[in-house]
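Data first, discussion second: the structure below is written as structure tokens.
The values are calculated or read from the model by the stated rules, or taken from the named source; none is laboratory data. Since this is a predicted model, take the numbers as computed values, not measurements. Virtual Cβ from ideal backbone geometry, glycine too; neighbours counted across all protein chains shown.
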Amino acid sequence: MQVRSLRRLWCILLVLVSAVGVACPGVADNGADAGAPTQIRFSLDRPIDAAVAPVVLASTRGLFRAEGLSVTTAAAADTADAIARVAAGKSDLALADINALIRFRDQRGAPPVKAVFVLFDKAAYAFIARKSRGINALADIEGKTVGVIEGDPSIRLWPALARRNGLRLKTVKLQQISPAVREPMLSAGQLDAISGLSYLSAIDLRDRGIPADDIAVLRFADYGCAAYGKALIVNPAFAAGKPEAVKAFLRAVIAGLRLTIREPAKAVDDVLAQMDGGSRAVELERLHTVLSDNILTSEVRHSGIGGIDPARFETLLDQIAEDFRFRNRPAATDIFDSSFLPPASDRRITQVE
């Protein structure tokens with residue numbers, strides 16, 4: 001005990017003299033790191049809901065703190081805004097659509113922002129339609145009117161999807177609408193279908209009273225779309241200066257995902273506490289949908305969470321190029337940096353943890 005006390009006193013003296021922190025051998029510390037936690041400014045690409053439960057739990061359950069991080073979270077206006085914040089250094093990390101990142105990086109002078117972790121192995125892009133309007137499969141979308149929000153990333157891959165499935169693009173009318181009227185117009189029969197994200201619009205429509213058996217969810221992934229979805233992206237200067245913090249952030253999110261899978265109902269309770277209103281039943285359904293359709297895919301069960309398959313990525317670039325002329329077609333390593341990922345053995349995810 002006397003030796004331990006002397007060591008502690010020696011450390012205090014050194015701090016007072018040099019005004020810097022000192023790691024003291026044999027002295028326990030209550031935190032993950034002897035120094036102050038690393039500050040991280042993090043952006044979501046939309047308001048919090050159950051789809052981002054793994055990130056929410058990383059915060060509410062102290063997983064970031066256990067990794068020596070102090071994370072401040074804000075909601076961007078949309079995925080383009082989230083990417084812009086990271087590019088400008090206003091956010092250190094963000095959750096954003098990786099397909100939007102690919103297009104952003106092709107702009108002249110774009111900062112080399114990269115994705116470091118894929119949360120949604122399959123993008124949630126979909127057409128959500130009314131079966132009562134004669135739409136049960138993707139082929140039925142011909143001759144119909146689809147409501148589209150400006151800047152919606154899902155519609156950018158529609159040309160490739162149509163060609164892959166032998167559909168005539170010119171027969172489908174794309175009607176520009178505002179986000180506020182998307183679901184109401186479909187509910188009122190003013191549109192045949194809308195484009196968007198399956199875990200948002202389809203569930204919101206059921207919450208509006210549309211019978212579940214009248215809703216057709218045409219997931220692009222089910223018809224050959226190779227797109228990944230939401231990914232964690234990082235500011236290049238932050239990644240270069242604090243690589244261990246980036247790795248710690250990913251470990252915390254993976255731990256949050258494991259907790260989410262293990263106890264989804266409790267995870268939703270954490271999410272609701274961060275939301276401005278919200279229905280527990282709706283958010284629980286949203287979470288189950290995201291886990292089954294977008295996160296816990298067969299590829300993730302085989303290879304683990306977070307990474308990309310280079311061959312699939314090349315297919316995705318081919319599909320993006322159907323509607324987008326690259327100035328310089330990127331390689332997978334231009335968009336995705338795998339060096340921050342934990343070992344594959346630590347990224348294994350099962351349905352029941």
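Listed here are the helices (runs of 4 or more DSSP H) enclosed by the range 32-149 that have at least 1 residues being over 19 Å from the mean Cα position of the chain (by Cα), in the same structural domain as R262 (by TED's automatic domain parsing) and not aliphatic (A, V, I, L, M): 63-66. For the range 270-291, give me each residue that is free of Cβ contacts under 8 Å to residues at least 60 places away in the same chain and under 18 Å from A58 (Cα atoms). Of everything in the range 270-291, those that are free of Cβ contacts under 8 Å to residues at least 60 places away in the same chain and under 18 Å from A58 (Cα atoms) turn out to be L272, L291. On the basis of being assigned to a loop (DSSP other than H, G, I, E, B) and under 21 Å from V290 (Cα atoms), does I210 make the cut? Taking the combined requirement at face value, the residue satisfies it.
Tell me yes or no: at least one residue of the range 3-25 is in a loop (DSSP other than H, G, I, E, B) and at pLDDT 55 or above. No, that holds for no residue.
Quick check on the range 150-165: of everything there that is among the small types (G, A, S), assigned to a helix (DSSP H, G or I) and under 25 Å from the mean Cα position of the chain (by Cα), which residue is modelled with the highest pLDDT? Restricting to residues being among the small types (G, A, S), assigned to a helix (DSSP H, G or I) and under 25 Å from the mean Cα position of the chain (by Cα), the top hit is A160. When residues in the range 313-336 are screened for being exposed (fewer than 15 other Cβ atoms within 10 Å of the Cβ) and closer than 27 Å to A252 by Cα, 2 of them pass. Within the range 207-230, being over 15 Å from A124 (Cα atoms) and either touching a residue at least 60 places away in the same chain (Cβ under 8 Å) or buried (at least 17 other Cβ atoms within 10 Å of the Cβ) (or both) holds for D207, I210, D213, D214, I215. So which pairs qualify, if the first residue must be in the range 324-353 and over 18 Å from A96 (Cβ atoms) and β-branched (V, I, T), the second must be at pLDDT 95 or above and assigned to a loop (DSSP other than H, G, I, E, B), the Cβ gap must be under 9 Å, and the two must be at least 6 apart or on different chains? Pairs that qualify, where the first residue is over 18 Å from A96 (Cβ atoms) and β-branched (V, I, T) and the partner is at pLDDT 95 or above and assigned to a loop (DSSP other than H, G, I, E, B), are I349/L296; I349/G304; I349/I305; T350/L296. Inspection of the range 231-238 identifies no residue that is crowded, with 23+ Cβ neighbours inside 10 Å, in contact (Cβ under 8 Å) with a residue 12 or more places away in the chain and either on the phi > 0 side of the Ramachandran plot or of a type in the set (F, W, Y) (or both). Would you be able to say whether some residue in the range 222-238 is in contact with a Phe, Trp or Tyr (Cβ under 9 Å, 6 or more places away or on another chain), of a type in the set (A, V, I, L, M, F, W, C), assigned to a helix (DSSP H, G or I) and in the same structural domain as A87 (by TED's automatic domain parsing)? No: zero hits.
For the range 245-265, filtered to residues that are charged (D, E, K, R) and part of a helix (DSSP H, G or I), the residue that is farthest from V71 (Cα to Cα) is R262.
Can you spot a residue in the range 124-142 that is touching a Leu at 6+ places or on another chain (Cβ under 6 Å) and over 21 Å from C225 (Cα atoms)? Within the range 124-142 (the criterion being touching a Leu at 6+ places or on another chain (Cβ under 6 Å) and over 21 Å from C225 (Cα atoms)), the answer is no, since none of the residues qualifies.
Residue pairs whose Cβ atoms lie under 9 Å apart, separated by 6 or more positions or on different chains, with the first residue in the range 292-308 and without any contact (Cβ under 8 Å) to a residue 60 or more places away in the chain and the second surrounded by fewer than 19 Cβ atoms within 10 Å (Cβ to Cβ) and assigned to a helix (DSSP H, G or I), are S303/A344; G304/A344; G304/S345; G304/D346.
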